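We did not get these values from a lab; they are worked out from the coordinates using the rules stated. Everything quoted here is computed from the prediction, not taken from an experiment. Note: ideal-geometry Cβ built from the backbone for every residue, glycine included; neighbour counts use all protein chains shown.
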């Protein structure tokens, strides 16, 4: 969970304070008291800042019930955050990886995020200036399944960028004619969530990072009679 709080110093300049929480809970079987525990973080944020609240981003698993997401979004907006967004863990990892690299990602490029620690690899493609999720691969079977995956998604028809931890998967050069590698450090989901919060705040540094999350289902949120609609992917939530 991450928050980007906004404090107005005067009419022209603004100071931003970043607040991150890194606490794991099983959100696929989340209970009422756990929801309250997440919402209690909003109070902690308010105690840390002396100004109006900015943007909040919460990272959940893809299996989290849409009712839980709707409840958390409503609570954040009612609390005073200007925008509230929910992303999944692999989207957070994607944002974390690309934020540590100077490589330029162009439209039609395929992006691989190879998480050695978790032993998985997610594949994305940038289209119309926004990355979308393509597929997931188990790290143990990646080498054996690579040719099949490339054929299935026609990955050899565009440039590929592979973000990896610690050990560079050089064997991918044998399958992909146009591939670049970039090492990144897994820093926890809170860092990816913070990047999303900063994107929501309009920071130009992250203008090219737009991405659809892997969350499913449509969420309808009403706050003070105003309906907010999201597909769990590219939308933000305004109060």
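Let's test the formula: R0 of 35 Å, r as the Cβ-Cβ distance of residue 135 and residue 37. What FRET efficiency results, to the nearest 0.05?
Values: r = 33 Å, r/R0 = 0.96.
With R0 = 35 Å, the Cβ-Cβ based efficiency is 0.55.
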* Asked: Is region 103-183 best put as rounded, prolate or oblate by its Cα gyration tensor, with a ≥ b ≥ c the root eigenvalues, rounded for a/c under 1.5, and otherwise prolate when a/b is larger than b/c, oblate when not?
  -> rounded
* Relative to the present Cα-Cα distance, how much length would full extension add between residue 157 and residue 178 at 0.36 nm per residue of separation? -> 6.7 nm
* So, by mean Cβ neighbours within 10 angstrom, what's the order for 120-129, 40-49 with the highest one leading? -> 120-129, 40-49
* **Where labels lie 7 Å past Cα in the beta-carbon direction, separation of residue 144 and residue 100 in nm** => 2.9
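Pull up the DSSP beta bridges for region 103-183 and report the antiparallel fraction as a percent, rounded to 5.
On the way: 14 of 24 bridges.
The antiparallel proportion sits near 60 percent.
Which length gain, in nm to one decimal place, applies between residue 52 and residue 210 when the Cα-Cα distance is subtracted from 0.36 nm times their residue separation?
54.4 nm
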